[in-house]
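Worksheet for the structure shown next.
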Amino acid sequence: MSEKLQKVLARTGLGSRRELETWIADGRVSVNGQVATLGDRVEPEDTIRVDGRIIPVKAEEDVIRRVIVYHKPAGEVCSRNDPQGRPTVFDNLPRLQGLRWVQVGRLDINTTGLMLFTTDGELAHRLMHPSNGFVREYAVRVHGDLTDAKRQALLDGVLLEDGVSRFESIEDAGGAEEGANRWYKVSLTGGKYREVRRLFQSQDLEVARLIRIRFGDLTLPSDLRLGRWKELTAEEIKPLTDRVDLKGKKYTGLYGRARLRHQRGNKPPRKPRRNPYRR
């Protein structure tokens, strides 16, 4: 049974499925010497190359699955390399041998707060996928008057350039009644580009500060300073993998099944059963 090429590559930690699909479309990936195309599927015996380099593929149970929480400061871009030479979110992450950190979603350059990184590209893909419904919560300081009508519009849904978006909840979080700025806690399940800022802008409100404080059940640790990271334990990672049905069971997936067949092939064949009804 074959698997999608980008899914197999994602398990190696080269990147998320979305990123690897771009690599395939750009002609950087080949299978058995032929340039791969989107939609290709691979078998265990296939040779996969990226930029001419053979990529050793892994069974799901062999994936080294690490996850860290990072407290992103303002001024860092969510890119591995920035043409303008600005600092990136990868600059402060722990160094890896033979693996790469894959970011789970993005925050714009002026947004601070919680980001997740993992060595498992397939896990990153599933955490970002809208079908899994992970709630993102933000603390936001807004300049302007959020009237009851505007609040209801943001909860009901607003048509933006790339579709309808809405907040799941809006909670008051402090600020003087007569002041021009007030703090709110907002939550949403989407992950569109600058979605929180654009939602408020649709109601003629300006976002002065934006901090992501929660992703799913993970909250930004109060003692985690800007620019620092914290690695999750296996017990903390398990709810994430369970939520996206990524359990890493033994002998699952294309390469796990191939290994199991290989191991069975080394055993002596079973003796055929005798049919009790045959004389």
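Filtered by the rule that a residue be surrounded by 13 or more Cβ atoms within 10 Å (Cβ to Cβ) and not in a strand (DSSP E or B), segment 227-237 gives 227, 228, 232, 236, 237.
Counting the residues of segment 38-81 that are among the hydrophobic types (A, V, I, L, M, F, W, C), open to solvent by less than 60 Å² (accessible area, probe 1.4 Å) and under 18 Å from the mean Cα position of the chain (by Cα) gives 6. Residue 105 meets each of the listed conditions (1) in contact with a helix residue (DSSP H, G or I) (Cβ under 6 Å, 6 or more places away or on another chain); (2) crowded, with 17+ Cβ neighbours inside 10 Å apart from (2). Looking only at residues of segment 176-219 that are under 17 Å from residue 108 (Cα atoms) and of a type in the set (Phe, Trp, Tyr), we find that the one that is most open to solvent (accessible area, probe 1.4 Å) is 193.
Here residue 76 meets each of (1) at pLDDT 95 or above; (2) touching an Asp or Glu at 6+ places or on another chain (Cβ under 8 Å); (3) within 24 Å of residue 132 (Cβ to Cβ) with one exception, condition (3).
Are any residues in segment 163-186 acidic (Asp, Glu) and either closer than 17 Å to residue 205 by Cα or assigned to a strand (DSSP E or B) (or both), and if so, which ones?
Applying the first criterion (acidic (Asp, Glu)) to segment 163-186 yields 168, 171-172, 177-178.
171, 172, 177, 178, listed by residue number.
Quick one: would you say residue 26 is surrounded by 15 or more Cβ atoms within 10 Å (Cβ to Cβ) and either in contact with a strand residue (DSSP E or B) (Cβ under 7 Å, 6 or more places away or on another chain) or on the phi < 0 side of the Ramachandran plot (or both)?
Working: surrounded by 15 or more Cβ atoms within 10 Å (Cβ to Cβ): no; either in contact with a strand residue (DSSP E or B) (Cβ under 7 Å, 6 or more places away or on another chain) or on the phi < 0 side of the Ramachandran plot (or both): yes.
Judged against the criteria, residue 26 is not a match.
Filtering segment 82-102 to residues that are polar (S, T, N, Q) and surrounded by 15 or more Cβ atoms within 10 Å (Cβ to Cβ) leaves 88, 92. For segment 30-37, the criterion of being surrounded by 12 or more Cβ atoms within 10 Å (Cβ to Cβ) and within 24 Å of residue 118 (Cα to Cα) is satisfied by no residue at all. When 205, 254, 224, 232 are screened for being in contact with a strand residue (DSSP E or B) (Cβ under 6 Å, 6 or more places away or on another chain), at pLDDT 90 or above and more than 11 Å from residue 69 (Cα to Cα), only 205 passes. Residues in segment 116-168 that are charged (D, E, K, R), closer than 14 Å to residue 216 by Cβ and open to solvent by 80 Å² or more (accessible area, probe 1.4 Å): 168 alone.
Could you tell me whether residue 10 is crowded, with 17+ Cβ neighbours inside 10 Å and over 22 Å from the mean Cα position of the chain (by Cα)? Write out each step before concluding.
Values: crowded, with 17+ Cβ neighbours inside 10 Å: yes; over 22 Å from the mean Cα position of the chain (by Cα): no.
It is false that residue 10 is crowded, with 17+ Cβ neighbours inside 10 Å and over 22 Å from the mean Cα position of the chain (by Cα).
Answer yes or no: is there a residue in segment 13-33 that is of a type in the set (A, V, I, L, M) and closer than 13 Å to residue 122 by Cβ.
Step one: of segment 13-33, the residues of a type in the set (A, V, I, L, M) are 14, 20, 24-25, 29, 31.
Okay, now just the ones that are also closer than 13 Å to residue 122 by Cβ, so 14, 20.
Yes, there is a match, as at least one residue in segment 13-33 is of a type in the set (A, V, I, L, M) and closer than 13 Å to residue 122 by Cβ.
The values are calculated or read from the model by the stated rules, or taken from the named source; none is laboratory data. Quick caveat, the model's predicted, so the values are computed rather than measured. Glycine gets a Cβ as well: all are built from the backbone with ideal geometry, and neighbour counts include every protein chain shown. Heavy atoms of the whole protein, side chains included, go into the accessibility calculation; ligands, DNA and RNA do not. Shrake-Rupley method; radii C 1.70, N 1.55, O 1.52, S 1.80 Å.
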